[in-house]
1. Tell me, GLU377, GLU272 in order of fewest to most beta-carbon neighbours within 10 Å?
2. In percent, how large is the relative contact order of the stretch 212-401, given Cα pairs closer than 8 Å and 6 or more residues apart?
3. So if each residue of separation counts as 0.36 nm, and I subtract the Cα-Cα distance between ASN103 and SER134, what length gain in nm does that give?
4. How would you rank SER81, SER92, going from fewest to most other Cβ atoms within 10 Å of each one's own Cβ?
5. Skipping prolines and chain starts, which residues have an amide H placed within reach, meaning under 5 Å, of the one on PHE368, given they are 5 or more residues away or on another chain?
6. Can you figure out the FRET efficiency of LYS214 with LEU71, using R₀ = 60 Å and their beta-carbon distance, to the nearest 0.05?
7. Read phi for every residue in the stretch 278-292 and hand back ³J(HN,Hα) as whole Hz from Karplus 6.51 cos²θ - 1.76 cosθ + 1.60, θ = phi - 60°, with x for Gly and Pro.
8. Suppose R0 equals 35 Å. What FRET efficiency, 1/(1 + (r/R0)^6) with r the Cβ-Cβ distance, do SER351 and PHE165 give to the nearest 0.05?
Amino acid sequence: MTLQIKRKLIWAAGGILFFLLIGGICLAWQPQAEPSKISKNQPQEPVYQLLKVKNTILIAELADTNEARTLGLSRRQSLISNEGMLFIFPASDYHSFWMKEMNFPLDIIWFDHNRQVVDLATDVAPEGLQPKNSYRPRMPARYALEVNAGWVASHELELGDNFIFCDDPNCGYLPPLVELVPDIKLPIAPDVPLATDEATTILKPESPAPATVKFTVSFTSQAPFGNWADPREQDGCEEASILMAARWVKNQGLNLEEALTEILALSKYQEEKFGYYQDTNAVDTAQLLKDYYQVANVKVATDVSIEAIKKKLAEGSLVITPMNGQILRNPNYTAPGPERHMILIIGYDDSTQEFITNDSGTRRGAGFRYDYDNFFESIRDYPSGADLPFTGREGKAMIVVGR
């Protein structure tokens, strides 16, 4: 083939490519239909629903789409007192949250598929465009509720409490805050009256708490016969604590032989169920008390304070707290003391500023007293498992056991 023919072929191929390119560009530039006004940069109207959380009526904006859940309350300026946002997820999981572009602190409440509280994060601080912290529940959750910081404490919300969707009169009176949200469409039955200011301000005076409370509770050490070489007894503080509490609930006594049998049996039960017997956190210890000993009136609270513990005791309940025993100044512990420990509180004494405990970590633990401040400082939850490392998110917790 001659050079001249080759050049002609090259020019011909180039021309074909040129026209194809121009045609493609023309096709790409063909005018398209104008998007409808409904879908063009127009946010979806928020949907609200009344909830009854424990004993309180709350207005919740529903976040039930990916877009709504991703945006959350970012860039909002505030919430009114009993307003929140309810995140509804397609399935239960460890749904985590951050505080990106938030302008005010929040309490975050996670609920399982039965709408029961499984975890709480309180007074979570706002962050900017690049948040450093995320908040993840300790158990799978189907719902999450964001409310103003302090809401959980002021309403005494605890693990195990629940919420219901409130679209009928079963929720009782509706609060005046409904009127504070303009143009809101709520599923309110017409015969449900709104509460008046007078109705919401009628309060019964509370009786003063007693200065001293002490319950009679049978005591056992976690090593009833002093066999601390047995690892099951060495790690038996949770078992001993809930055993003492269960016997108190059922008005039963406890001797050393029974205590040893129960502690070893409960260790075996955990090993078969979980694959370990060493450590159980507050939530798992409470569940053991419910499942193994069939004690129904058990709740876990994470808003822990000296006054909160005293209040539960004054109301007639026992309290169990996970502890860092190395901070407690108990001279009967083998130094440096247990880093993961569980203690049963059976009373308090304001005259000496002390909690009264049945501390299973020593054979001298019956009625052992701890200074309020030192005891509170030592309260710290820990991970369930065989000496798992701390995550930094354990916080304080208490198990409340009632009859």
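Quick note: the coordinates plus some simple rules give every number you see, no bench work behind them. Model, not experiment: these values are computed from the prediction. Note that we place each Cβ from the backbone using ideal geometry, even for glycine, and neighbour counts take in every protein chain shown.
1. Working: GLU377 14, GLU272 9.
Listing GLU377, GLU272 from fewest to most nearby Cβ atoms yields GLU272, GLU377.
2. Numbers: 375 pairs, mean separation 55.0, N = 190.
Reported relative contact order: 29 percent.
3. On the way: separation 31, 0.36 × 31 = 11.16 nm, distance 1.63 nm.
Result for the pair: 9.5 nm of gain on full extension.
4. Details: SER81 13, SER92 17.
Fewest-to-most ranking of SER81, SER92: SER81, SER92.
5. Residues meeting the amide H criterion: THR357, ASP359.
6. Values: r = 52 Å, r/R0 = 0.87.
The formula returns an efficiency of 0.70 here.
7. 5, 10, 10, 6, 4, 5, 6, 5, 4, 5, 4, 4, 6, 6, 7
8. On the way: r = 48 Å, r/R0 = 1.38.
Efficiency for this residue pair is about 0.15.
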